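First the structure, in the form of structure tokens, and then the observations on it.
A short reminder: the numbers here are calculations on the coordinates, not readings from a lab. The model shown is predicted, which means the values in this text are computed figures rather than measured ones. As a convention, Cβ positions derive from the backbone with ideal geometry for all residues, glycine included, and neighbour counts pool all protein chains shown.
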Amino acid sequence: MKKQLLTSLAILSMLSVGRATLFIQGTTDQGTSGTVAHQTIYDGSPGYLTVNSMDLTSAGLGSSLSSLAVTLNISGGMNNGLYGYLVAPNGTMVILMNQPGYGVDGFGAMGGGMNITLQDGSGTHGSIQNETSGSTLGGSYNVAGSLSGFDGGNPNGMWTLYFSDTITGGGNATLHGWSLDITAVPEPVTLALVVFLVMLLALAGLRWAWRT
């Protein structure tokens, strides 16, 4: 009986925190799913936006987003001129990067390409805005803005990624894929139903214990 109650409490604890779900569009270091038609990010063309959307309308996530991380797979070009932002289903926009490193040394991240994870908190390399490496970028970074701007919104729907290259040099870049690692809290009605079922399970266990 004690074991059943502990199991029930563990289930409730996981539900209250939410569950992380990974959605991949194209190819990233996390795998391949769906398709991105190797979209071109045109060199030195700040007025041209490369747009790619991920439809999570039928994802069945909870109604309230609690955390988010973004992975990007880009090759070629030169990273110092990249400007990218993400728009949530409710229209909230968060800037992912804005000319990485350029404001630090006047040149920026002169290398081409990246396969990185963007997040809030403790990115292994700090802010993407402070990166001045001349190599292809890897690892995790903090975004230029704050992904917490998406917190509380409904993650089910259309997520759209936008990119442009604002500085000439290095040639065109190519977007191969991106992913969203979303943690969402279950809808209140769903949570209440699960709590009720867990209580029934505990009650059934109690009755069984009395009989034995």
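The modelled label-to-label distance between N172 and S122, using points 7 Å beyond Cα along the C-beta direction, is 4.2 nm.
Assuming R0 = 22 Å, what is the FRET efficiency of T160 and D105, from their Cβ-Cβ distance, to the nearest 0.05? Spell out each step's value before the answer.
Numbers: r = 31 Å, r/R0 = 1.43.
Plugging the Cβ-Cβ distance into 1/(1 + (r/R0)^6) gives 0.10.
Listed peptides 168-178, 33-43, 72-82 appear in the order 72-82, 168-178, 33-43 once ranked by packing, highest mean of other Cβ atoms within 10 Å at the front.
Order of Y85, Y48 from fewest to most other C-beta atoms within 10 Å? Can you show the working numbers first?
Values: Y85 19, Y48 13.
The most exposed by this proxy come first: Y48, Y85.
Taken along the Cα-to-beta-carbon direction at a fixed 7 Å, the label points for D151 and S58 span 3.3 nm.
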